[in-house]
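One structure is given here, and the rest of the page talks about it.
The values are calculated or read from the model by the stated rules, or taken from the named source; none is laboratory data. What you see is a predicted model, and the numbers here were worked out from it, not measured in a lab. Here the Cβ positions follow ideal geometry from the backbone for every residue, glycine too, while neighbour counts run over all protein chains shown. Just the protein is used for accessible areas: all its heavy atoms, side chains included, with ligands, DNA and RNA removed. Shrake-Rupley method; radii C 1.70, N 1.55, O 1.52, S 1.80 Å.
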Amino acid sequence: MSRTSPTPAPEVLAEFPLTTTQTRCWVLEKTKPGNVALNVAVRWEVRGPVQASSLETAFRTVIARHEILRTRLAETETGPVQQVVAEVPFKLDLVDLRAMPAAQQAARVDDIAHEIADRPFDLGQPGLIRATLIRLSPERAMLVYVVHQTCFDGASIRVLGHEIGTIAQAVEEGRAPDLPDLPLQYGDYALWQADYLGSGALDEDALWWDETLAGAPYFEVEPDKPRPPVRST
């Protein structure tokens, strides 16, 4: 009987404190493991004869370029930290709907996009990003991707779109992509934020709010609609 070799542990290159955003995500994940409300889901329409292999190479290049896309969250004796690993595997999933009538494609794309978005991430595993290319015609497709909020936000969408497009076009043309070196990584920002928050720079503001809100009565804002019995996202 053959035995499957255990997957080797990824090589950790660096370790950083969590940012405030990552800490919020960590607490919410601990409260409700597999919390898909923390997934950032995006879909792009792709036009032209773009090769799936070019997009896959573009995603792999971006993941290698940005440390945060090779990061996992880990528990240590002193608390949670973010760890950057040397490399993570990435595969662009493919779905071919070209044989489906055009009138039915939009609903099927919605179903696929929601299924991908509703799949939870394991924050202890690096590479919190996945993508699927849905072929609709020879020169039209939908690129659906999901990234966890610990390493992605609304501002990241434009950055990722620019870099994926730039790299994919360069691959198609057989040349190196024209992208500048990154002067900073997310870990550098995490260190800066930790130093800033630890310097006492916000103590005066916190004291003002403590004094201003001292003795304030408890109140609730009346909602526009009744709360559902079960919270949804």
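In straight-distance terms, cross-link reach from K30 covers every one of the aspartates and glutamates whose alpha-carbon lies under 13 Å from its own, apart from those fewer than eight places away in the same chain; here that gives E75, D122. Averaging Cα coordinates gives a centre for region 94-125 and one for region 139-207; these two points are 25 Å apart.
Could you calculate, for region 1-123, the ratio of the Cα radius of gyration to the Kirkwood radius, expressed as Rg to Rh?
1.03
Would region 59-195 count as rounded, prolate or oblate if I go by the C-alpha gyration tensor, calling it rounded below 1.5 in a/c and otherwise prolate when a/b exceeds b/c, oblate otherwise? Spell out each step's value before the answer.
Details: a/c = 2.64, a/b = 1.54, b/c = 1.71.
Oblate, since a/c reaches 1.5 and b/c is not below a/b.
One compactness figure for region 95-140 is 1.42, namely its Cα radius of gyration divided by 2.2 N^0.38 Å. For region 1-98, applying the loop criterion from DSSP together with a ceiling of 14 other beta carbons within 10 Å to the GluC sites (Glu not before Pro) yields E11, E77, E87.
The portion of the accessible surface of region 158-233 made up by carbon and sulfur, rounded to a whole percent, is 56 (1.4 Å probe; DNA, RNA and ligands excluded).
Volume per residue, Å³, of the convex hull around the alpha-carbon atoms of region 171-233?
278 Å³
Applying the Karplus relation 6.51 cos²θ - 1.76 cosθ + 1.60 with θ = phi - 60° to region 184-192 yields 3J(HN,Hα) values of 9, 10, 4, x, 5, 5, 4, 5, 4 Hz, where x marks Gly and Pro. Of the GluC sites (Glu not before Pro) found in region 135-196, those in coil by DSSP whose Cβ has at most 16 other Cβ atoms within 10 Å are E139. Here region 42-91 has 48 percent of its accessible surface on carbon and sulfur atoms, given a 1.4 Å probe and all protein chains in place.
Annotation note: trypsin sites (Lys or Arg not before Pro) in region 1-81 located in DSSP loop regions with a Cβ neighbour count of at most 12 within 10 Å are R3.
Once the 1.4 Å probe is applied to the protein heavy atoms, the chain comes out at 66 Å² accessible per residue. The alpha carbon convex hull volume per residue for the chain rounds to 233 Å³. Only helical runs count toward this figure. For the chain, summing -39,500 (n - 2.57) over DSSP H runs of n ≥ 4 and dividing by all residues gives -12000 deg cm²/dmol at 222 nm. Here the accessible area of region 101-140 is 50 percent carbon and sulfur, with a 1.4 angstrom probe and all protein chains present.
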